[in-house]
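Heads up, the thing below is written out as C-alpha coordinates.
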Amino acid sequence: MNFLILNGPNLNLLGSREPDVYGQTGYEALCRELKARAKTMGCHADCLQSNHEGALIDAIHEAPSRYDAIILNPGAFTHYSYAILDALKAVDVPCIEVHISNVHRREEFRHQSVTAPACVGQICGLGTYGYIAAMSYFVERENDA
Ligand code: CA2
(Lines give C-alpha, C1' and ligand atoms only; values in the text may rest on other atoms or scores of the structure.)
Protein backbone atom coordinates (compact mmCIF):
# COMPACT_ATOMS: atom_id res chain seq x y z
CA MET A 1 0.00 0.00 0.00
CA ASN A 2 1.02 3.60 -0.58
CA PHE A 3 0.35 5.92 2.33
CA LEU A 4 0.20 9.70 2.40
CA ILE A 5 1.03 10.89 5.92
CA LEU A 6 -0.15 14.46 6.10
CA ASN A 7 0.60 16.78 9.02
CA GLY A 8 -0.86 20.22 9.53
CA PRO A 9 0.18 23.46 11.18
CA ASN A 10 2.96 23.61 13.75
CA LEU A 11 3.71 19.90 13.60
CA ASN A 12 7.07 20.81 12.02
CA LEU A 13 7.93 22.00 15.56
CA LEU A 14 7.62 18.52 17.05
CA GLY A 15 10.37 17.75 19.52
CA SER A 16 11.31 21.40 20.00
CA ARG A 17 8.67 22.45 22.53
CA GLU A 18 5.99 20.94 24.79
CA PRO A 19 7.67 17.49 24.94
CA ASP A 20 5.29 16.54 27.76
CA VAL A 21 2.38 16.87 25.30
CA TYR A 22 3.90 15.87 21.95
CA GLY A 23 6.98 13.80 22.89
CA GLN A 24 10.62 14.33 22.07
CA THR A 25 10.79 13.04 18.52
CA GLY A 26 11.37 15.74 15.90
CA TYR A 27 9.30 15.90 12.72
CA GLU A 28 12.08 14.68 10.40
CA ALA A 29 12.93 11.78 12.72
CA LEU A 30 9.23 10.88 12.90
CA CYS A 31 9.02 10.77 9.09
CA ARG A 32 12.10 8.56 8.89
CA GLU A 33 10.59 6.19 11.46
CA LEU A 34 7.19 6.08 9.73
CA LYS A 35 8.79 5.38 6.33
CA ALA A 36 10.87 2.58 7.88
CA ARG A 37 7.79 1.11 9.60
CA ALA A 38 5.83 1.27 6.33
CA LYS A 39 8.67 -0.65 4.65
CA THR A 40 8.55 -3.42 7.27
CA MET A 41 4.83 -3.75 6.46
CA GLY A 42 5.67 -4.09 2.76
CA CYS A 43 4.33 -0.59 2.11
CA HIS A 44 5.54 2.86 1.12
CA ALA A 45 4.86 6.12 2.97
CA ASP A 46 5.33 9.72 1.86
CA CYS A 47 5.26 12.44 4.52
CA LEU A 48 4.10 15.97 3.91
CA GLN A 49 3.71 18.78 6.43
CA SER A 50 2.27 22.21 5.78
CA ASN A 51 1.24 25.18 7.86
CA HIS A 52 -1.14 26.22 5.08
CA GLU A 53 -4.71 24.98 4.75
CA GLY A 54 -4.68 25.22 0.92
CA ALA A 55 -1.54 23.11 0.61
CA LEU A 56 -3.14 20.37 2.72
CA ILE A 57 -6.28 20.55 0.57
CA ASP A 58 -4.20 20.33 -2.65
CA ALA A 59 -2.41 17.25 -1.28
CA ILE A 60 -5.76 15.61 -0.44
CA HIS A 61 -7.08 16.39 -3.96
CA GLU A 62 -3.98 14.82 -5.54
CA ALA A 63 -4.05 11.71 -3.34
CA PRO A 64 -6.34 9.47 -5.46
CA SER A 65 -3.81 9.10 -8.29
CA ARG A 66 -0.95 8.09 -5.96
CA TYR A 67 -2.16 6.75 -2.62
CA ASP A 68 -4.32 3.98 -1.18
CA ALA A 69 -4.86 5.73 2.15
CA ILE A 70 -4.29 9.03 3.93
CA ILE A 71 -3.17 9.35 7.55
CA LEU A 72 -3.94 12.89 8.58
CA ASN A 73 -3.09 14.99 11.61
CA PRO A 74 -4.77 18.28 10.68
CA GLY A 75 -3.36 20.07 13.77
CA ALA A 76 -5.61 22.89 14.93
CA PHE A 77 -7.47 22.79 11.57
CA THR A 78 -9.13 19.69 13.07
CA HIS A 79 -11.32 21.93 15.15
CA TYR A 80 -12.61 24.35 12.50
CA SER A 81 -11.64 23.55 8.90
CA TYR A 82 -14.78 22.77 6.95
CA ALA A 83 -12.60 23.18 3.84
CA ILE A 84 -10.48 20.16 4.85
CA LEU A 85 -13.67 18.26 5.71
CA ASP A 86 -15.02 18.98 2.21
CA ALA A 87 -11.72 17.95 0.57
CA LEU A 88 -11.72 14.61 2.44
CA LYS A 89 -15.33 14.01 1.40
CA ALA A 90 -14.50 14.87 -2.22
CA VAL A 91 -11.88 12.15 -2.68
CA ASP A 92 -12.35 8.42 -2.69
CA VAL A 93 -9.31 7.65 -0.52
CA PRO A 94 -9.85 6.36 3.03
CA CYS A 95 -8.39 8.52 5.79
CA ILE A 96 -7.61 7.98 9.46
CA GLU A 97 -7.28 11.08 11.65
CA VAL A 98 -4.43 10.95 14.16
CA HIS A 99 -3.72 13.16 17.15
CA ILE A 100 -0.54 12.71 19.12
CA SER A 101 -2.06 14.08 22.32
CA ASN A 102 -5.28 13.01 24.01
CA VAL A 103 -7.37 15.94 22.82
CA HIS A 104 -10.18 14.97 25.23
CA ARG A 105 -7.97 15.67 28.23
CA ARG A 106 -7.18 19.13 26.94
CA GLU A 107 -9.03 22.41 26.39
CA GLU A 108 -12.73 22.18 25.46
CA PHE A 109 -12.15 23.53 21.92
CA ARG A 110 -9.94 20.50 21.15
CA HIS A 111 -12.72 18.01 22.00
CA GLN A 112 -14.51 18.59 18.71
CA SER A 113 -13.20 17.45 15.34
CA VAL A 114 -14.99 18.78 12.28
CA THR A 115 -12.80 16.63 10.02
CA ALA A 116 -13.25 13.22 11.72
CA PRO A 117 -16.73 12.59 10.21
CA ALA A 118 -15.03 12.22 6.80
CA CYS A 119 -12.57 9.66 8.19
CA VAL A 120 -12.71 5.90 8.76
CA GLY A 121 -11.78 6.60 12.36
CA GLN A 122 -9.74 8.69 14.74
CA ILE A 123 -6.79 7.77 16.95
CA CYS A 124 -5.70 10.09 19.73
CA GLY A 125 -3.52 10.07 22.81
CA LEU A 126 -1.15 7.27 21.74
CA GLY A 127 1.68 9.63 20.90
CA THR A 128 3.37 9.14 17.53
CA TYR A 129 2.48 5.43 17.71
CA GLY A 130 -0.95 6.54 16.43
CA TYR A 131 0.48 6.95 12.91
CA ILE A 132 1.87 3.39 13.00
CA ALA A 133 -1.43 2.03 14.36
CA ALA A 134 -3.23 3.71 11.46
CA MET A 135 -0.91 2.14 8.86
CA SER A 136 -1.26 -1.23 10.55
CA TYR A 137 -5.06 -0.96 10.45
CA PHE A 138 -5.07 -0.28 6.71
CA VAL A 139 -2.68 -3.19 6.04
CA GLU A 140 -4.81 -5.63 8.08
CA ARG A 141 -7.98 -4.37 6.44
CA GLU A 142 -6.42 -4.91 3.01
CA ASN A 143 -5.33 -8.44 3.98
CA ASP A 144 -8.88 -9.25 5.11
CA ALA A 145 -10.40 -8.06 1.84
O1 CA2 B 1 -2.45 16.19 19.39
C2 CA2 B 1 -2.32 16.51 18.21
O3 CA2 B 1 -1.69 15.83 17.40
C4 CA2 B 1 -2.90 17.84 17.70
O5 CA2 B 1 -3.43 17.61 16.41
C6 CA2 B 1 -1.76 18.82 17.66
C7 CA2 B 1 -2.18 20.24 17.27
C8 CA2 B 1 -3.34 20.69 18.15
O9 CA2 B 1 -3.80 21.97 17.69
C10 CA2 B 1 -4.49 19.71 18.13
O11 CA2 B 1 -5.50 20.18 19.01
C12 CA2 B 1 -4.03 18.34 18.60
C13 CA2 B 1 -1.06 21.26 17.47
C14 CA2 B 1 0.27 20.84 16.97
C15 CA2 B 1 1.30 21.74 17.58
O16 CA2 B 1 2.50 21.04 17.57
C17 CA2 B 1 3.54 21.51 18.29
C18 CA2 B 1 4.59 20.64 18.48
C19 CA2 B 1 5.67 21.06 19.21
C20 CA2 B 1 5.73 22.34 19.73
C21 CA2 B 1 4.69 23.20 19.53
C22 CA2 B 1 3.59 22.79 18.78
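Summary of values
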read-out	value
Cβ-based charge dipole, the chain, positive-most Cα from Gln24, Tyr129, His44	Gln24
Selected from Glu107, Glu28, Glu18 as most flexible by GNM, with the chain as the system and alpha-carbon contacts under 10 Å	Glu107
Distance histogram in 5 Å bins (all Cα pairs of the chain, percent per bin)	2, 10, 21, 25, 22, 14, 5, 1, 0
Residue-normalised accessible area of the chain, expressed per residue, 1.4 Å probe, Å²	51 Å²
The range 5-71: radius of gyration over Cα atoms, expressed as a fraction of 2.2 N^0.38 Å	1.19
Accessible surface of the chain, 1.4 Å probe, proportion on carbon and sulfur as whole %	47 percent
Surrounding net charge for Pro117, when Lys and Arg each add one and Asp and Glu each subtract one, Cβ distance under 14 Å	-1
Nearest-10 value in Å² for the accessible area of Tyr129, using the 1.4 Å probe	120 Å²
Residue among Ala116, Ala45, Ala36 with the largest mean-square fluctuation in a Gaussian network model of the chain, springs linking Cα atoms under 10 Å	Ala36
Isotropically averaged projected area of the range 84-145, using the convex hull of Cα atoms (one quarter of hull area), nm²	4.6 nm²
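The values are calculated or read from the model by the stated rules, or taken from the named source; none is laboratory data. For clarity, every value in this text was computed on a predicted model and none was experimentally measured. Counting neighbours? That spans all protein chains shown, and the Cβs are built from the backbone with ideal geometry, glycine included. Surface areas here come from the heavy atoms of the whole protein model, side chains and all, with no ligands, DNA or RNA. Shrake-Rupley method; radii C 1.70, N 1.55, O 1.52, S 1.80 Å.
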